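Participant: So that we are looking at the same thing, I have put the structure below in structure tokens.
The values are calculated or read from the model by the stated rules, or taken from the named source; none is laboratory data. The structure presented is a predicted model; accordingly, all values stated were derived computationally and were not measured. In this analysis, Cβ positions are derived from the backbone assuming ideal geometry, glycine residues included, and neighbour counts consider all displayed protein chains.
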Amino acid sequence: MLEIKNLSFSAQGRKILDDINLTIPDGKLICLTGPNGGGKTTLAKMIAGVEKPDEGQILLDGLDLVPLDPTERARAGVGYAFQQPVRFKGITVRDMLNMAAGKTLTEEELASVLQEVGLEAGEYVDRGVGTHLSGGEIKRIEIATVLLRRSRLAVFDEPEAGIDLWSFNNLVRVFENIRDRRDNSLVIISHQERILSIADEIVMIQDGKVGLRGDRKSIFPRLLCKNDDCEKPCM
């Protein structure tokens, strides 16, 4: 379980996160949504250790992550997938997956994890990740690396950004499969209705604060509401 307590962060004289309190339970897919500039990506970077808060705690199963750097957090069980995955010249998909696993994977293990993200091993394991993969393909490879790390908590920052519709539809199926098969926690930052519609819980981050929060059935219709009489239309 991830517990965020009284988390605050400012940059260039502006309050980006303002006393955030949030619990991410085990075995759930949680979607963070809200307007651009509301603090969603900053919160994800705080969890991953890319940024450090001014105040507050981030606890994973009781361990305070704030003093830890990104590598130490990864070892503690935090997986983070960037909005724009990093591409490495001279490295193959096989190399990338082996590094994520911390060992040399067998052909069967490579095939299994690639199948989990909707890719055929024979077509991908020896391809370079520098310029030889599409946006959707590299994102699915990055998801595979997060799965191989056996992360207790996996955070995906706008996985739909910059990919075509076909790849996006495949990504949604990947997240559905992960949600249904695994007992770790997933946090996905997204504005996309298709991704919001598969969440167990939806959390609105707006003006650096937690706004609406609840299960998908109660929150999702309110996010889509465009009626001025709606109690609190979101998007």
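Participant: Of the residues PHE168, PHE175, PHE220, PHE156, which single one is more than 30 Å from LYS89 (Cβ to Cβ), touching a residue at least 12 places away in the same chain (Cβ under 8 Å) and aromatic (Phe, Trp, Tyr)? Spell out the reasoning first.
Facilitator: Details: PHE168 fails: more than 30 Å from LYS89 (Cβ to Cβ); PHE175 fails: more than 30 Å from LYS89 (Cβ to Cβ); PHE156 fails: more than 30 Å from LYS89 (Cβ to Cβ).
The conditions single out PHE220.
Participant: Let me ask something else. State which residue is nearest to ARG179 (Cα to Cα) when the search covers only region 18-54 and only residues that are among the acidic types (Asp, Glu) and in contact with a Phe, Trp or Tyr (Cβ under 8 Å, 6 or more places away or on another chain).
Facilitator: Filtering region 18-54 down to residues among the acidic types (Asp, Glu) leaves 18-19, 26, 51, 54.
Filter once more, so that each one left must be in contact with a Phe, Trp or Tyr (Cβ under 8 Å, 6 or more places away or on another chain): 51, 54.
On the way: GLU51: 27, ASP54: 33 Å.
Among residues in region 18-54 that are among the acidic types (Asp, Glu) and in contact with a Phe, Trp or Tyr (Cβ under 8 Å, 6 or more places away or on another chain), the one nearest to ARG179 (Cα to Cα) is GLU51.
Participant: Something else about it: Taking interchain pairs and intrachain pairs at least six residues apart, which have beta carbon atoms under 8 angstrom, with the first residue in region 90-103 and more than 16 Å from LEU119 (Cα to Cα) and of a type outside the set (Asp, Glu) and the second in a helix (DSSP H, G or I) and at pLDDT 90 or above?
Facilitator: If the second residue must be in a helix (DSSP H, G or I) and at pLDDT 90 or above, the pairs left are ALA101/GLU109.
Participant: Tell me which residues, restricted to region 175-214, are outside any strand (DSSP E or B), of a type in the set (S, T, N, Q) and under 14 Å from the mean Cα position of the chain (by Cα).
Facilitator: Answer for region 175-214, where residues must be outside any strand (DSSP E or B), of a type in the set (S, T, N, Q) and under 14 Å from the mean Cα position of the chain (by Cα): ASN184, SER190, GLN192.
Participant: Moving on. Just give me the residues in region 1-19 being within 20 Å of ARG73 (Cα to Cα) and crowded, with 20+ Cβ neighbours inside 10 Å, in sequence order.
Facilitator: Here is the first cut: in region 1-19, the residues within 20 Å of ARG73 (Cα to Cα) are 1-9.
Answer for region 1-19, where residues must be within 20 Å of ARG73 (Cα to Cα) and crowded, with 20+ Cβ neighbours inside 10 Å: LEU2, ILE4, LEU7, PHE9.
Participant: Among the residues of region 26-41, what is the count of those that are modelled with pLDDT under 90 and either in a strand (DSSP E or B) or crowded, with 23+ Cβ neighbours inside 10 Å (or both)?
Facilitator: Number of matching residues: 0.
Participant: Go through the residues of region 140-154 one by one and say whether even a single one is in contact with a Leu (Cβ under 6 Å, 6 or more places away or on another chain) and assigned to a loop (DSSP other than H, G, I, E, B).
Facilitator: No, there is no match, as no residue in region 140-154 is in contact with a Leu (Cβ under 6 Å, 6 or more places away or on another chain) and assigned to a loop (DSSP other than H, G, I, E, B).
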